[in-house]
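Take a look at the structure set out below.
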Number of protein chains: 2
Amino acid sequence: MTPPTGPDSTRDRILAAAKTEFAAYGIAGARVDRIAKAAKTSKERVYAYFRSKENLYQYVAAQELAAIAEATRMDPTDLPAYAGRVHDYFAAHPDNHRLMQWGQLELTADGPGNATTDTVHRKTEQLREAQRAGHLDPAWDPLDILMFVNQLATAWAGRPDLLHRPGAAAQPAARRAAVVAAVRTLFPPAGPDSGPDLD
Amino acid sequence: MTPPTGPDSTRDRILAAAKTEFAAYGIAGARVDRIAKAAKTSKERVYAYFRSKENLYQYVAAQELAAIAEATRMDPTDLPAYAGRVHDYFAAHPDNHRLMQWGQLELTADGPGNATTDTVHRKTEQLREAQRAGHLDPAWDPLDILMFVNQLATAWAGRPDLLHRPGAAAQPAARRAAVVAAVRTLFPPAGPDSGPDLD
């Protein structure tokens, strides 16, 4: 296989380098000259492609958010399984959690084009629909459901130190099982007979 | 009332200014000259008292961790009420959540004297004791209980934007009630008859 040589390959290398840099140092701490060097290009090219460091972060974060959604696929009729997938995703990609966390701390969350807010809105609507269809208890506000499932699923994503602390934690498989069990207790998956009763 | 004029008042002003600066900019982003200026002292005095910027952060974070513990008092026999207090604490002090989050992102969590790790250890032991006494379901790993309760209680602490988003969220009181309800579902408080059955 030959590496890609099209016009986008510099741009792709910049994005890959930016992701690593932002995950490590955050937005304020990231240095465009380090990104340029890691991407084997110049600072000028980075700015030509992405205008500003913050804009580059926004692009990388939106890309990552789409990758998470693609890899974890929220299924409102089986939130425990979804929580397990989110847990697995961040266990396999701990840096991606850092990448997103920096944005929450460093950006004003109500800025224009905040990708997280759009995702929250879309998922909340999916959950509301599942409530209407009788798959989920309608007593919960769908935004609470989304937040709680995410919080439980990412419980370990921000604390790899605790997950791997000798003696303190059981095996990773037990951690995952506890996440899934907690979400199942709160939001049981729809059974085969679920759905509105049409009698 | 007269303001404190003892030898510690400069030190106290430095701590107050540092807390504000670290909450806003994190550790790497904080500037000791801004802290000194806000505390009406000199950079040299700041270093004389606290040696380094990171050491100053550690001091402020440990102080804040103690304040949270004091204000929220974990009661292993009533975790829903504890979760409500944690939620209230961060709703009233949103900057304090930011202050702690920066540390989790910027510091290597297994560094010496990491106050968070000590707190986790102490609280986990309290929960284990409550399980032995029959107040809490022993099927959960106590570290999972602690993490899940914290994650649910702080669900809104990191996202004030969502909490106050017009239309999207119900009243803050409903948010709090949902947190308490979720923790109650997972970890019901010990009833008057709880405790080991000695028949």
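The values are calculated or read from the model by the stated rules, or taken from the named source; none is laboratory data. Treat the numbers as computed from the prediction; the structure is a model and nothing was measured. Heads up, the Cβs are rebuilt from the backbone with ideal geometry, glycines too, and the neighbour counts pull from every protein chain shown. Heavy atoms of the whole protein, side chains included, go into the accessibility calculation; ligands, DNA and RNA do not. Shrake-Rupley method; radii C 1.70, N 1.55, O 1.52, S 1.80 Å.
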Qualifying residue in segment B:71-79 (condition: closer than 29 Å to B:GLU21 by Cα and open to solvent by 30 Å² or more (accessible area, probe 1.4 Å)): yes
Test: A:GLU129 is away from every other protein chain (no Cβ under 13 Å), open to solvent by 30 Å² or more (accessible area, probe 1.4 Å) and touching a residue at least 40 places away in the same chain (Cβ under 8 Å): yes
Residue check, B:THR10 assigned to a helix (DSSP H, G or I) and of a type in the set (Ser, Thr, Tyr): yes
Tally of residues being touching a residue at least 12 places away in the same chain (Cβ under 8 Å) and over 30 Å from B:VAL120 (Cβ atoms) across segment B:47-74: 1
Checklist (1) more than 29 Å from A:PRO160 (Cα to Cα); (2) open to solvent by 60 Å² or more (accessible area, probe 1.4 Å) applied to A:HIS135, failing item: (2)
Residue check for A:TYR25: in a helix (DSSP H, G or I), open to solvent by 10 Å² or more (accessible area, probe 1.4 Å) and among the aromatic types (Phe, Trp, Tyr): yes
For A:LEU152: the one exception among (1) in contact with a Gly (Cβ under 8 Å, 6 or more places away or on another chain); (2) facing chain B (nearest Cβ under 7 Å); (3) modelled with pLDDT of 95 or more: (1)
